[in-house]
Amino acid sequence: MSGTLATDGPGPDAGSAAALSALILEVPGVATLYPAASPVGQVVAAIGSALTTGDAEPDTVLVSGDRIRVRIGVDGVEAAGEVCRRVYVVVRDWAASTGRAGAVIDVTAATIGG
């Protein structure tokens, strides 16, 4: 899974974390996505990336079992809490549509503004 979306060819599978990332980036007030894995998970991903060929970016949305974790940067135009609530609704609807209706959803505003 990767938060990077290809510009050529078919889009990501609607049930993938990449598709969820794309939906989140469309939410008004969301400026960017940050890797949602724990710091340890990010280190493990970086080591794995270093051992493989080709470009690899850390997952921007973590979908693991019954948990979905999202870290966003908000543009600062609207209140961060309101933007996080909008993202939560998008993630909740995506989870329900992909058979993950009972998932625990964690949305964090990692940065606000510029």
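Amide H contacts of residue 67: 104, each under 5 Å away and 5 or more positions distant or on a separate chain (H built 1.01 Å from N in the peptide plane; Pro and chain starts excluded).
The modelled label-to-label distance between residue 106 and residue 89, using points 7 Å beyond Cα along the C-beta direction, is 2.4 nm.
Given their separation in residues at 0.36 nm each and the Cα-Cα distance between them, residue 98 and residue 82 gain 3.3 nm when the chain is fully extended.
Our estimate of slack between residue 64 and residue 32, defined as 0.36 nm per intervening residue step minus the Cα-Cα distance, is 9.4 nm.
Since every read-out is calculated from the coordinates, none of them should be taken as a lab result. Everything numeric in this text was worked out from a predicted model, so none of it was measured. All Cβ positions, glycine included, derive from the backbone under ideal geometry; neighbour counts span all protein chains shown.
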